[in-house]
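These notes are about the structure you will find just below.
The values are calculated or read from the model by the stated rules, or taken from the named source; none is laboratory data. Remember, it's a predicted structure, so these values are computed and weren't measured experimentally. Virtual Cβ from ideal backbone geometry, glycine too; neighbours counted across all protein chains shown. Note: areas computed on protein heavy atoms with side chains; ligands, DNA, RNA excluded. Shrake-Rupley method; radii C 1.70, N 1.55, O 1.52, S 1.80 Å.
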Amino acid sequence: MSDATATSSMDQPPTEAALRRMPKRDYMNRRQQMFFRQRLLAMRKKIEVDLATYRLALQSDERQPDDFDLASAEEDRRYLLRTIERNIGLLKKVDGALRRLATGDYGYCLESGEPIGIERLLARPTAEYSIDVKARQESRERHYVHHRS
């Protein structure tokens, strides 16, 4: 492989398979950061397209001839509004992950500072906590909810 080929391949994000094969000591190296930046930007773009579609659907204000159609249309509007809210929340998480990438904090647990791990980030690129910390948080939440009721 020529130096130009080696350099150009190092300037490209790795594939998901190549990412998984990287040694642990390479965690959150420049190429891994490039991979997740690309993935997060793609997620962001898809969410923005989806939001635009949902907003257009909300704006279509067709008059409903009968009560049943009106009720159905209202249920559709509530569903669209919930979907928009979820997508806005996800967009905020993506933006937060992109900020952490820019500051060098991406891939590390916000609570423990430990690596979140490639597999977890592949499954959930917006993850903020390691699996152990997240499990403890969810356990505390279940415990709190259980004892409140």
So what does the Cα-only Debye profile of the range 63-145 read at q = 0.17, 0.19, 0.21, 0.25 Å⁻¹, as log10 I(q)/I(0), no solvent term?
-0.78, -0.89, -0.99, -1.14
Using amide H atoms built 1.01 Å from N in the peptide plane, name the residues 5+ places from residue 108, or on other chains, whose amide H lies under 5 Å from its own.
116
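Could you compute the FRET efficiency for residue 10 and residue 119, with r as their C-beta to C-beta distance and R0 at 22 Å, rounded to 0.05? Display every interim value, and only then the final one.
Working: r = 23 Å, r/R0 = 1.06.
Calculated value: 0.40.
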Run the quick spin-label model on residue 136 and residue 44: label points 7 Å from Cα toward the beta carbon, then report their separation in nm to one decimal.
3.1 nm
Counting each pair of different Cα atoms once, what's the Kirkwood radius of the chain in Å, rounded to one decimal?
18.6 Å
When ligands, DNA and RNA are left out and all protein chains stay put, how many square angstrom of accessible area per residue does the chain have with a 1.4 Å probe?
71 Å²
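Under the definition of Cα pairs under 8 Å and six or more residues apart, what whole-number percent is the relative contact order of the chain?
Values: 95 pairs, mean separation 30.6, N = 149.
With pairs under 8 Å counted, the relative contact order is 21 percent.
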Could you please state how large a percent of the accessible area of the chain is carbon and sulfur, counting protein chains only and using a 1.4 Å probe?
52 percent
Order 112-119, 93-100 from most to least packed using the mean count of other Cβ atoms within 10 Å.
93-100, 112-119
